[in-house]
Amino acid sequence: MEINTYQTRAEMLLRSYILSDSFIVYSSVIGGVFACKLVYDLSQIFSSIYFKRYAGLSKSQQVEWNNRSISTVHAIFITAMSLFLAFWSDLFSDDQLSGLVIMRSSTLSTSVLGVSVGYFLTDLAMILWFYPSLGGMEYLVHHLLSLVALSYAMLTGEAQFYVYMVLLSEATTPGINLRWYLDVAGLKKSKAYLINGFMMVFVWLVARILVFIYVFYHLYVRYDQVMKVSSFGIFLVCVVPLVLAVMNLVWFWKIVKGLMKTLAKRN
């Protein structure tokens, strides 16, 4: 009788844990989707009031304007949270003795990933709906890879450190969006546009190239830890950063060429 009681309690605790964990996952994803909708609507309202050029934009340009507002807010949020969780909190610190780094997660880290999944789902849906005005095939590949990796880390709690390191690449998004806004506003020949070009090159170099080199180094020195996750997890940890790194190098070359072209026109 006593054994049955312990089994019942264990089952209740397990069920309670799974339900609470599922609640965190689903509520954060749904929250991320609703946050995107809120930012889109607020962008529409404030832009029509405070930016005179907004009313003169075509319907597709207005959609892209508001879409870029969403990606800018998400980029600021996820960059700040990635920096905090990866470097400032003790969650992934080597000083911690609470298991392997690749297996560590927390309620906060899982919730933040859920919000980011909500964003990528929303952005992917918008890209597909308005295809190809919001982005071509490379954006679809980028978002699908990101969604798979984020969802895996969110649902299993594995490899969250590496996901947050890769998410630091979102730090480049505000600069990219600002460049588009300046272009649409007719300020392509302004000093702000030129400064933005230099800042984009620098931030891209740090967030999308140097950070990725650190990720690959970190994976190399902790190869024994990587081998302890599932086969699919190993595939994601090794392949997704590699594919994104190649895409980042291609985009970086395009940004550098664009900056050089701008400088040539000024001379």
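The values are calculated or read from the model by the stated rules, or taken from the named source; none is laboratory data. From a predicted model like this one, the values you see are computed outputs, not experimental measurements. Here the Cβ is made from the backbone with ideal geometry for all residues, glycine too, and neighbour counts use every protein chain on show. Remember, those area values only see protein heavy atoms, side chains included, never the ligands or the DNA or RNA. Shrake-Rupley method; radii C 1.70, N 1.55, O 1.52, S 1.80 Å.
All of Tyr162, Tyr181, Tyr217 fail the test of being under 24 Å from the mean Cα position of the chain (by Cα) and open to solvent by 60 Å² or more (accessible area, probe 1.4 Å), apart from Tyr217. Scoring Glu170 on the criteria (1) touching a Lys or Arg at 6+ places or on another chain (Cβ under 9 Å); (2) under 23 Å from Leu147 (Cβ atoms) leaves a single failure, condition (1).
The set of residues in segment 52-80 being open to solvent by 40 Å² or more (accessible area, probe 1.4 Å) and either of a type in the set (Gly, Ala, Ser) or closer than 20 Å to Arg104 by Cβ (or both) consists of Ala55, Gly56, Ser58, Ser60, Ala80.
I'd like to know if segment 101-123 contains one or more residues that are among the hydrophobic types (A, V, I, L, M, F, W, C) and more than 23 Å from Leu236 (Cα to Cα). No, there is no match, as no residue in segment 101-123 is among the hydrophobic types (A, V, I, L, M, F, W, C) and more than 23 Å from Leu236 (Cα to Cα). Taken over segment 84-125, the criterion of being in contact (Cβ under 8 Å) with a residue 60 or more places away in the chain, open to solvent by 20 Å² or more (accessible area, probe 1.4 Å) and farther than 23 Å from Tyr220 by Cβ is satisfied by Thr107, Ser111, Val115, Leu121, Thr122.
Checking each residue of segment 227-234 against the condition of being of a type outside the set (Gly, Ala, Ser), part of a helix (DSSP H, G or I) and under 19 Å from the mean Cα position of the chain (by Cα) gives no match. Just one residue in the set Gly157, Gly186 is of a type in the set (Gly, Ala, Ser), surrounded by fewer than 21 Cβ atoms within 10 Å (Cβ to Cβ) and closer than 27 Å to Ala125 by Cβ; that residue is Gly157.
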